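The block underneath contains the structure these notes are about, expressed in structure tokens.
The values are calculated or read from the model by the stated rules, or taken from the named source; none is laboratory data. Since this is a predicted model, take the numbers as computed values, not measurements. Heads up, the Cβs are rebuilt from the backbone with ideal geometry, glycines too, and the neighbour counts pull from every protein chain shown. Note: accessible area is taken over every heavy atom of the protein model, side chains too, but ligands, DNA and RNA are not part of it. Shrake-Rupley method; radii C 1.70, N 1.55, O 1.52, S 1.80 Å.
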Amino acid sequence: MNYTIITGASKGIGRELAIQYAKNGNNLILVARSLPLLEDLKSELILKYNIAIHLLELDLTTDNAINILVNYCTTNNLNIENLVNNAGFGDFSSFKESDINKIKSMLDLNMRVLTELTYVFLKEIIANKGRIMLLASTAAFLPIPGMAVYAATKAYVRSFGVAVNEEIKSTGASITVICPGPTATEFQEVAELDKSKFVSSKLTSAKELAVFAFKKTQQRQVIVTQGLSNAITVNIVPRILAYADCAKILKNIFKEK
Ligand SMILES: NC(=O)c1ccc[n+]([C@@H]2O[C@H](COP(=O)([O-])OP(=O)(O)OC[C@H]3O[C@@H](n4cnc5c(N)ncnc54)[C@H](OP(=O)(O)O)[C@@H]3O)[C@@H](O)[C@H]2O)c1
């Protein structure tokens, strides 16, 4: 049976993506550290949809995590058609005051884990003409003082995803890079964005974002943003302002309270 792996499926955007994939008849392998939350989601989905669901309680940043996931799929004969690289987090802090262990963990989860998961499942996904969804951010397009490392990790995701998609597109498989703007999840709390003056006038709901992201990934679009203000942020701002000037403006928007 074919499966879709979703990382960070216990909460927020990942949880809503799991609902979208389930609704559309995909069997699921849901990965996160919070097993009780994954179990609640599984109970909810099993009642509504005729699909198989496997849960894996895993901190993806630990040394052996990728091997554990690959071995789990092999041992249980789970054929991987789609991969959703969603798990990720941000941190609001001036770089010099930041916690280096948190920074290392962010680099690891947002980039190394995403890259390695894409690598280990890519041949199988190509064989199935499947799809990979990568969660980047509107931050992928701009240097953000106060979130310098986070924005840089998402710039990596954007560049990596678009380039590998170009390498594989003749196979019938695809990579879609989703670039959400501010979305109502625990992300802001985890990133301690309450310390910043940045206020988003309108947060997109995680459900709305997931419906949009699922649709665009099914259509095999390469890079997508949602809504007019996010489209302006990523398409127009970096074109009319010098890169360094974007950082100056964003420094004011994101400065500490
Ligand atoms: N919300 C936004 O405003 C926004 C905007 C742009 C992009 N994004 C991106 O969207 C993605 C999802 O974020 P979200 O907003 O849904 O955040 P969230 O509500 O904080 O959810 C993050 C998910 O990642 C999982 N996770 C975190 N660390 C993990 C680890 N070490 N191992 C395994 N799973 C881990 C969490 O589960 P456990 O805690 O159970 O492990 C949770 O399921 C991220 O890549 C984020 O950068 C978010």
Charge dipole of the chain about the Cα centre (unit charges at C-beta), most positive-ward option of PHE121, PRO182, GLY90
PRO182
Checked against the positive end of the charge dipole of the chain (+1 on Cβ of Lys and Arg, -1 on Cβ of Asp and Glu, about the Cα centre), the farthest of GLY130, ASN64, ILE100 is GLY130
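Of LYS42/LYS202; LYS11/LYS102; LYS11/LYS123; LYS96/LYS195; LYS48/LYS123, which ones are farther than 24 Å apart at the Cα? Present the calculation step by step, with values, prior to reporting the outcome.
Numbers: LYS42/LYS202 30 Å; LYS11/LYS102 20 Å; LYS11/LYS123 29 Å; LYS96/LYS195 16 Å; LYS48/LYS123 32 Å.
The answer is LYS42/LYS202; LYS11/LYS123; LYS48/LYS123.
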Heavy-atom surface of the stretch 106-257, accessible at 1.4 Å and reported per residue (Å²):
49
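Note down the magnitude of the dipole of the stretch 152-207 about its Cα centre, charges +1 on Lys and Arg C-beta and -1 on Asp and Glu C-beta and zero elsewhere, to the nearest 20 debye.
In total the dipole reaches around 200 debye.
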Treating the angle as unsigned and between 0 and 90°, give the value, to the nearest 10°, between the Cα long axis of helix 148-168 and the longest Cα principal axis of the chain.
50
What aspartates and glutamates sit close enough to LYS207 to cross-link, taking a C-alpha to C-alpha distance under 13 Å and skipping anything fewer than 8 places away on the same chain?
GLU16
Just GLU16, GLU208, GLU81 to compare: in a GNM of the chain, with alpha carbon springs under 10 Å, which one fluctuates most?
GLU208
Any chance you could run the full-extension gain for LYS197 through ASP108? It's 0.36 nm times the residue separation minus the Cα-Cα distance, nm to one decimal.
29.3 nm
Where does helix 12-23 land angle-wise versus the long Cα axis of the chain, in degrees 0 to 90, nearest 10?
30
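Show that you can apply the helix-only estimate: for the chain, add -39,500 (n - 2.57) for every DSSP H stretch of four or more residues, divide by all residues, and state [θ] at 222 nm to the nearest 500.
Roughly -14500 deg cm²/dmol at 222 nm, from the helical runs in the chain.
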What is the helix-to-structure angle for 65-75, meaning the angle in degrees between its Cα long axis and the longest Cα principal axis of the chain, kept from 0 to 90 and rounded to the nearest 10?
20
What percentage of the solvent-accessible surface of the chain, computed with a 1.4 Å probe over protein heavy atoms, is contributed by carbon and sulfur atoms?
54
Shape descriptor, the stretch 160-257: equivalent ellipsoid semi-axes (Cα gyration tensor, sqrt 5λ, whole Å, largest first) stand at 28, 18, 12
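Would you mind getting the accessible area per residue of the stretch 4-86, heavy atoms of the protein chains only, 1.4 Å probe, in Å²?
On the way: 3600 Å² over 83 residues.
Accessible area per residue, the stretch 4-86: 43 Å².
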Can you list, bin by bin at 10 Å, the percent of alpha carbon pairs in the stretch 17-75, starting at 0?
23, 49, 27, 2
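Dipole magnitude of the chain about its Cα centre, charges +1 at Lys/Arg Cβ and -1 at Asp/Glu Cβ only, in debye to the nearest 20?
Numbers: 28 positive and 23 negative charges, 170 e Å.
Dipole size: approximately 820 debye.
What dipole magnitude, in Debye to the nearest 20, does the stretch 97-138 give about its Cα centre under +1 on Lys/Arg Cβ and -1 on Asp/Glu Cβ?
For this selection, approximately 260 debye.
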With the dipole of the stretch 139-249 worked out from charges on the C-beta (+1 for Lys and Arg, -1 for Asp and Glu) around the Cα centre, which of CYS246, LEU142, ASN230 lies farthest toward the positive end?
ASN230
